[in-house]
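Data first, discussion second: the structure below is written as C-alpha cells.
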Amino acid sequence: MRVVRILGAAALALALLAGYVAFRLNRPYRGFTSGVFINFPRGTSAGEIAQMLAQHGVVRSRWDFLVARALQRGRTLQAGEYRFDRAASPLEVFGRIARGDIFYYELVVPEGWNIFDIGAAAEHLGLFPSANFVAAARDPSLIRDLDPHAPTLEGYLFPNTYRLNRQTTPARLCRIMTDKFRSVWQGLKTTANMHDTVTLASLVEKEGKLAEERPLIAAVFENRLRIGMKLDCDPTTIYAAVLEGRYRGTIYRSDLESDNPYNTYRHMGLPPGPIANPGLAALRAALQPADSEALYFVLRPDGSGGHEFSRTIAAHQAATARYRRGPQ
C-alpha cells in the first residue's frame, strides 16, 4: 500500500506540474511598453533566442521558451527580424519564430508611378525619407550598362509589390527594383533600343488606362515621331513641372510654354528619358504599336478612361468639341 501511495503522490505531482507548465506556456505575457524588434541572425542558437526574448520582455523567462521548444523538437527556428507588439504566450512566440513570421514592409508600386511617388510611399511606410530615395534614384549607374543614356533610374524601377525589411536602404531598393526590370526586359526577348522603348512606354503608361488602347496610343506617338510632329503629351509637361518643383495639380499656360526638355509641347521627339515607370503591358505596346494611322486622341468624358482616336486635325477638333465640357 505504501508503494501505491507513493506512486499516486508522484502521479499527482506530475499532473500538477504538467498543468502548471501548460498554464504557463499558454499564458499571454507582455513585458514591454511599446512594440519591440528583435533580429535573430542566421546561426543563432535556441538558447540565445530565448535569452533575447526574455531580455526584451517578450517571454517571462528564457526557460518558458525553451520548454515550449522542447515540446516541439521537430520544428526549426527561423532567422530574421521579428516584431512583437502584443501579449503572447510562449507557445505563440515559438510558433511565430518556427513559421518564420518575420517583419517586413510591403511597398506596392503601381504602373505609372515616378521616382517621387515611390519615395513618398516609402516614407509613408516609415522606411526612409522620400528625398533620400529620390537622390538615390537620380543616379543612373545601376542601369548604365543597359542604357548608357539614362539620365536617372526613372523608367527602370519596375512596378511590383516589394517586401522590404527595416535595413533596406534607398540604394538597396533601387537595386531590387532595377533587378526586377532586368528580368522583365530579358523576358521580352527584344533587340529594340531600350532607351527609346522605355521612354515611349512611360508615355503610353501615363496616357493609356485601358489595356486595349495602349497599342493605339503607342501608334499615335510613333506616327508623330515618324513625320516629325511634336508629341504634345500632357504627362511630359506635368513631369517637367514636377522636376522643377512647380506643378500645381493642373497644367497652366506657363507649363506648356516651359523650355524644360521634357516638355513635348515645346520640343520635338521623345523627352530625354522616361517620365514614369511603365509596366509590362506598356512595354509590349511600345514594342508592338497597333496598325493605325491615327495622329490624335482625346479622352472621353464618360469616366471609362477611353479615348477617341482620329487621323486628321478636323476630326480631332470635332471630337474635342463634342467631348470636352466647361470653360477652355
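Worth a mention:
- The convex hull of the Cα atoms of the chain, projected and averaged over all directions, covers 25.0 nm².
- Length released on extending from residue 132 to residue 101, taking residue separation times 0.36 nm less the Cα-Cα span: 8.3 nm
- Kyte-Doolittle mean at least 0.5, axial Cα span of 18 Å or more - DSSP H helices of the chain: 2-26
- Region 189-232 shape via C-alpha gyration tensor axes, a/c threshold 1.5: oblate
- Applying 0.36 nm per residue to the separation of residue 313 and residue 212 and subtracting their alpha-carbon distance, the gain on full extension is 34.0 nm.
- Averaging the sequence gap over all C-alpha pairs within less than 8 Å and six or more residues apart, then dividing by the number of residues, gives the chain a relative contact order of 14 percent.
- Region 227-295, Cα convex hull volume normalised per residue, Å³: 111 Å³
- Cβ-derived FRET efficiency at R0 51 Å, residue 227 paired with residue 163, nearest 0.05: 0.65
- Residue 71-residue 244 pseudo-label distance in nm [points 7 Å out on the Cα-to-Cβ vector]: 6.9 nm
- Model label sites at residue 288 and residue 145, defined 7 Å from Cα along the beta-carbon direction, differ in position by 2.9 nm.
- For residue 115, the shell of other residues with beta-carbons less than 9 Å away shows a net charge of -1, using +1 for Lys and Arg and -1 for Asp and Glu.
- For residue 81, the amide hydrogen comes within under 5 Å of the amide hydrogens of 40, 103, counting only partners 5 or more places away or on other chains and with H modelled in the peptide plane.
- Charge tally in the Cβ shell below 11 Å around residue 198, where Lys, Arg are +1 and Asp, Glu are -1, residue 198 excluded: -4
- Selection from 294, 74, 216 lying farthest towards where the dipole of the chain points positive, charges on Cβ: 74
- Local electrostatic count, residue 209, Cβ distance below 13 Å [Lys/Arg +1, Asp/Glu -1]: -3
- Length gained when the stretch residue 191-residue 322 is fully extended (0.36 nm per residue, less Cα-Cα span): 43.0 nm
- Principal semi-axes in Å for region 105-188 [√(5λ), Cα gyration tensor, largest first]: 20, 14, 11
- Projecting label points 7 angstrom from Cα along Cα→Cβ for residue 86 and residue 61 puts them 2.7 nm apart.
- From largest to smallest, the equivalent ellipsoid semi-axes obtained for region 196-328 from the alpha-carbon gyration tensor read 21, 19, 15 Å.
- Electrostatic dipole magnitude of the chain [Cβ: Lys, Arg +1; Asp, Glu -1; Cα centre; debye, to 20]: 1960 debye
Here, each number is a calculation from the coordinates, and none is a lab measurement. Quick caveat, the model's predicted, so the values are computed rather than measured. Here the Cβ is made from the backbone with ideal geometry for all residues, glycine too, and neighbour counts use every protein chain on show.
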